[in-house]
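Participant: Here you go, one structure.
The values are calculated or read from the model by the stated rules, or taken from the named source; none is laboratory data. Every value quoted in this text rests on a predicted model; they were computed, and no experiment measured them. As a convention, Cβ positions derive from the backbone with ideal geometry for all residues, glycine included, and neighbour counts pool all protein chains shown.
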């Protein structure tokens with residue numbers, strides 16, 4: 001599903017260049033060690049030079065322990081919603097009519113992965129108070145990076 005305006009590149013258009021997914025002109029990369037990071041940075045700069053893509057150094061940031069990326073904060077610990085977004089959610093007025101409830105849910109949809117049991121919470125909004133719902137969104141946990149050495153458990157959520 002494309003949600004971009006006309007003549008704006010798709011988010012994956014740079015994949016052949018970077019050999020990883022990036023969002024339009026937003027490149028983020030991490031590595032387990034400094035040596036690996038410098039090696040990857042060297043390879044990235046080589047690919048950018050090869051494809052004749054320029055990078056704005058004043059807009060670039062290196063050696064950060066956490067970065068804001070698409071309204072989320074990514075660090076070695078994991079991914080969390082930014083505090084600015086959490087405050088914005090806290091200040092949202094709770095809807096009193098059905099159309100307002102639908103709009104409220106649409107505004108929270110991007111952060112549903114931070115709320116355990118979000119489908120259940122969204123369905124039972126008429127039973128929960130607005131403070132309970134806002135508390136669930138604002139007190140976002142850190143989504144941990146997967147440990148590749150352990151087995152994965154996938155719990156699907158489906159609507160009837």
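Participant: Which numbered condition trips up residue 42, out of (1) at pLDDT 85 or above; (2) loosely packed, with under 13 Cβ neighbours inside 10 Å; (3) within 16 Å of the chain's Cα centre (by Cα)?
Facilitator: Of the numbered conditions (1) at pLDDT 85 or above; (2) loosely packed, with under 13 Cβ neighbours inside 10 Å; (3) within 16 Å of the chain's Cα centre (by Cα), the odd one out for residue 42 is (3).
Participant: Do the conditions hold for residue 79, that is, is it out of contact with any helix residue (DSSP H, G or I) (no Cβ under 8 Å at 6 or more places or on another chain) and under 30 Å from residue 31 (Cα atoms)? Please lay out each step first, then the result.
Facilitator: On the way: out of contact with any helix residue (DSSP H, G or I) (no Cβ under 8 Å at 6 or more places or on another chain): yes; under 30 Å from residue 31 (Cα atoms): yes.
In short, yes.
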